[in-house]
Amino acid sequence: MTTHLQLHDSLDLVRPIFSGSLLLPGDDGYDDARHIHNGAINKKPAVIARCRNSADIAHAVKFAVSEGLEISVRGGGHNVAGRAVTNGGVMIDLSLMNAVSVDPAKRTATAQGGATWATFNSETAKYGLATTGGAISSTGVAGLTLGGGLGWLMAKHGMTVDNLLSAEIVTADGRTLTCNATEHPDLFWGIRGGGGNFGVAASLTFQLHPVAMVIGGLVAHPLDSAPQVLRFFRDVTSNAPDELSVFGGLLHAPDGSGAKLAAMIAMHTDPDAGMAAVQPIKAFAPPIMDVIGPMPYDAVNTMLDGGFPKGALSYWKSSFLTALSDAAIDTLITCFRACPAPMGALLLEHFHGAVTRVPVDATAFPHRAAGYNLLIISQWMDPAQTRICTGWARDTYDEMRPFMSKSRYVNYLGDDESLGSVANAYGPAFERLRKVKAQYDPQNVFKLNQNIKPA
């Protein structure tokens, strides 16, 4: 085992060639760097390598491997399971690598590995362009992408991985590889849904689309109306065009009153035809809150930010549903009535359109069927509530099991999932992913993730 003194001596050999900063426990900035979005995560790395470029990433990887230390990778630090931070290993922190460059003529954008969707959307919006990105703007571009990347534009333009053109990946042996459709195509296939299993994403280049003003927002109803609201949501989504994305949800009022609501969150990509298309949603019941209207696309991706404050303690469970039946709706409502978490929510993310027309084997993200993904969100601020709030999420998941398929979204998997859950997240891509893993990371250096063991 590497001692503290040996670690210092080994780091002294790295510092002269490392352009970023290497933080040890007790150093200024160490505690800030180790804390991520989920306040329930309290891990302490032996070293935090704050990288400024791909060469720094390679040095950090080689150092960790030579010292036999576990590696974690922090992009946006948003993963609820806390895999961005290692206990006693080397945390590769990409937060200083947060630049986004846009080529408006080619309609492409390149994001460094630590960029967030807030920066990405802000930069592309200057040219009236966008690609499918996270629904919470503080989410990291790299982490969301590597797991698949669902967002408001997926019905019109596919998942985030469907818009990835190229990536710069630092592999377990310290090489920096460009992968795309012609260079290392097997690695390119694998990173589009296989998570962080194959290396560190130093940069990612995406196809952009003309998206500027859209119709977006939320309507909310009292929880007593939830049976009618969610059935109406089911009807709306059953024949929604590609231009319209609607998520349904049971959530707490944003004013802190604790009131529980049934809501629909919508976005239509056509600012001209969109208002007529969303009029039935605005008119239903009618709602007690209606904030659907014209807005810039980058503003849509901040709509839910207030419900996910940094530092809140969080625990999630998630699974795709076989169908949104009446019994499933009634069970969701019963469970949400018992929700003790003051920022708890149940979200139904609808899949349709372009995302479902991509062949299952085109990328390592295999979930291409139309339907609904259920996300059970438990969030709270008081550590004394941890047991009851995590218990509610687990109980809700158990109650919903009869309505669930085997498919899972890898970005939502918790830290307490079984190996079978991981295999279900990768689905029919799993065995091929194991072969790609064996080629690029045969020693399983990158294992602090929803891990794919080498074939």
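A few comments on the model shown:
- Single condition ARG387 does not satisfy, out of (1) in contact (Cβ under 8 Å) with a residue 40 or more places away in the chain; (2) over 23 Å from the mean Cα position of the chain (by Cα): (1)
- Only a single criterion out of (1) open to solvent by less than 20 Å² (accessible area, probe 1.4 Å); (2) over 25 Å from TRP380 (Cα atoms) is not satisfied by VAL358, namely (1).
- Reported count of residues in region 131-158, each being within 9 Å of the chain's Cα centre (by Cα) and of a type in the set (S, T, N, Q), is 2.
- Residue among PHE351, PHE284 that is open to solvent by 40 Å² or more (accessible area, probe 1.4 Å) and either under 19 Å from PHE247 (Cα atoms) or not basic (Lys, Arg) (or both): PHE284
- For region 174-201, residues that are under 17 Å from ASN163 (Cα atoms) and among the aliphatic types (A, V, I, L, M) total 4.
- Qualifying positions in region 170-222 - among the β-branched types (Val, Ile, Thr) and open to solvent by 50 Å² or more (accessible area, probe 1.4 Å): THR176, THR178, THR182
- Of the residues making up region 398-409, those that are open to solvent by 10 Å² or more (accessible area, probe 1.4 Å) and among the hydrophobic types (A, V, I, L, M, F, W, C) number 2.
- In region 149-169, residue most open to solvent (accessible area, probe 1.4 Å) [restricted to those that are small (Gly, Ala, Ser) and touching an Asp or Glu at 6+ places or on another chain (Cβ under 9 Å)]: SER166
- The residues on offer are LEU346, LEU332, and the sole one that is on the phi < 0 side of the Ramachandran plot, outside any helix (DSSP H, G or I) and open to solvent by less than 40 Å² (accessible area, probe 1.4 Å) is LEU346.
- The sole residue among VAL360, VAL445 that is touching a residue at least 40 places away in the same chain (Cβ under 8 Å) and either among the basic types (Lys, Arg) or in contact with a Pro (Cβ under 6 Å, 6 or more places away or on another chain) (or both) is VAL360.
- Only listed residue being closer than 18 Å to SER137 by Cα and in contact (Cβ under 8 Å) with a residue 60 or more places away in the chain, chosen from SER95, SER72: SER95
- Exclusive hit being touching a strand residue (DSSP E or B) at 6+ places or on another chain (Cβ under 9 Å) and open to solvent by 10 Å² or more (accessible area, probe 1.4 Å), set SER257, SER225, SER238: SER225
- Residues that are under 27 Å from HIS367 (Cβ atoms) and open to solvent by 30 Å² or more (accessible area, probe 1.4 Å) within region 293-307 comprise ASP298, THR302, MET303, LEU304, ASP305, GLY307, listed in sequence order.
- Of all the criteria given as (1) closer than 30 Å to PRO383 by Cα; (2) open to solvent by 10 Å² or more (accessible area, probe 1.4 Å); (3) free of Cβ contacts under 8 Å to residues at least 60 places away in the same chain; (4) in contact with a helix residue (DSSP H, G or I) (Cβ under 7 Å, 6 or more places away or on another chain), the one not satisfied by ASP28 is (4).
- Number of the exception - SER19 against (1) open to solvent by 40 Å² or more (accessible area, probe 1.4 Å); (2) touching a Leu at 6+ places or on another chain (Cβ under 6 Å); (3) of a type in the set (Ser, Thr, Tyr): (2)
The values are calculated or read from the model by the stated rules, or taken from the named source; none is laboratory data. What you see is a predicted model, and the numbers here were worked out from it, not measured in a lab. Here Cβ is always computed from backbone atoms with ideal geometry, including for glycine, and neighbour counts include all displayed protein chains. Side chains are part of the model used for accessible areas, which takes the heavy atoms of the whole protein and leaves out ligands, DNA and RNA. Shrake-Rupley method; radii C 1.70, N 1.55, O 1.52, S 1.80 Å.
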